[in-house]
Amino acid sequence: MRSAGLQRSSAARIGGAAVAMLIVAEVAVLLLSPSEEPPEPVPVAESDYFSQAELARADNYRSGQRWLLLAGLAVEGAVLVWVAFGRPAAVRRGLDRLGRRPVLGAAAAGAGVSLLTTIATLPVSLISHERSVDVGLSTQSLGSWFWDVARSAGITAVLTAGGAALLMALVRRFPRAWPVPGAVVVSGLAVVFVWIGPVVLAPIYNKFEPLPDSSRARADVLELGHEAGVDIGQVYRIDASRRSTALNAYVDGIGSTKRVVLYDNLLKRAARSELRSIVAHELGHVAHDDVPRGILYVVLVTPLGLVIARELVLAITRRSGADPASPAAIPAYLLALAFTALILNVPGNQLSREVEASADGFALELTHDPEALIKVQRQLARTNLSDPDPPGLYSWLFGTHPSTVDRIGAALAYERE
Ligand SMILES: [Zn+2]
């Protein structure tokens, strides 16, 4: 009876904290949405901008990739649930043995579980890679792809180990209140990673070169930046073509590492008006402070996210019998944090779509060239094999950008104004 009562009150606490977390996340989205309203998209039919063959090809590729994404999440979830609930027995015994040195043991457990999920999801990742090679999107050989996977598995394992050790130290020092210092640490790390990411992590995978002083692209970027009154930071070219034919550009970093990065594919293949349109969009992100905006979202939603993680871990460890302050509970922490992060990603993506629509609005105001934006959207969707009008539920859950038809629709609305 007592245990049933305990389970009920724990379920009520988790439910209450989850509702509070979603309310906080939605308020964060409202507060952090850019005040610059983009044009309301007019309805657009995808068949007006893409041939039936293009649509069929994109749909065939993307629908498969969507299922693979869900399959990968399911496999990762299953592995985490399995280990978190104390199975298999050999892993359980290994984790128990780590209890003698709790903080170091937590690091080992974190690295181990991280590698286990990479290995378990490898078949799904491999199929996904092979499909992108088949359609000509990825240009990477199998060997080079495996080297990428091995490197990111190593980096993720090291970072998970560090995070798990830090977490264990906090849990042991503040058994109930660890989400408070935890949220401070996560917020600090978010700033540090955005700051060092472009100079420490990104160069592991790609080569970055400042655009040559004499290049037309650099002159265009500087001129647009000047016109918009935006301090751009640096402008880099990334050798994306060694992996993919995709076209893209992004802004990254904070403070001294703030930069605009253009794919070499884009510099080679895009017409001048299209490149200007894309650069203007990226300048929109800089002008609207979208990188700090993203960090602020993390700062606002982390405290309640960690409270939920704590309650989930207590509920899991009551079932598994693991001590929540020992390395044996690390799989439970990883499961709880992954689950909370997955949920918080949904409002996070909602914010991202608004931020992207607003950057499109900025580009339209700066270039007065809706035709170029429409051309860019057509070209991006064609080369990246994007689904111009993906299923609504999928976009709502995972879409970081408005759909191609909505972005074209916004450009048309601007044109009509
Ligand atoms: Zn963008």
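None of the figures in this text is laboratory data; all of them are computed from the coordinates on show. Fair warning: this is a prediction, and the values are worked out from it, not measured in the lab. Every residue, glycine as well, gets a Cβ built from its backbone with ideal geometry; the counts of neighbours run over all protein chains shown.
Within region 239-284, work out how many residues are under 21 Å from the mean Cα position of the chain (by Cα), within 13 Å of the ligand (Cβ to nearest atom), not aromatic (Phe, Trp, Tyr) and not in a loop (DSSP other than H, G, I, E, B).
So the count comes out to 11.
Residues that are buried (at least 18 other Cβ atoms within 10 Å of the Cβ) and within 20 Å of the chain's Cα centre (by Cα): list the helices (runs of 4 or more DSSP H) wholly contained in region 23-135 that include at least 1 such residues.
Fully inside region 23-135 and qualifying: 52-84, 102-134.
Can you pull out the residues in region 317-331 that are outside any loop (DSSP other than H, G, I, E, B) and over 11 Å from residue 164 (Cα atoms)?
Of everything in region 317-331, those that are outside any loop (DSSP other than H, G, I, E, B) and over 11 Å from residue 164 (Cα atoms) turn out to be 317, 318, 319, 320, 328.
Across region 254-290, which residue is nearest to residue 203 (Cα to Cα) among those that are of a type in the set (Asp, Glu) and free of Cβ contacts under 8 Å to residues at least 40 places away in the same chain?
Result: 264.
Can we say residue 352 is among the polar types (S, T, N, Q), farther than 27 Å from residue 241 by Cα, within 14 Å of the ligand (Cβ to nearest atom) and out of contact with any strand residue (DSSP E or B) (no Cβ under 8 Å at 6 or more places or on another chain)?
no
Of the conditions (1) buried (at least 22 other Cβ atoms within 10 Å of the Cβ); (2) within 16 Å of the ligand (Cβ to nearest atom), residue 388 satisfies every one except a single condition; which number is it?
(2)
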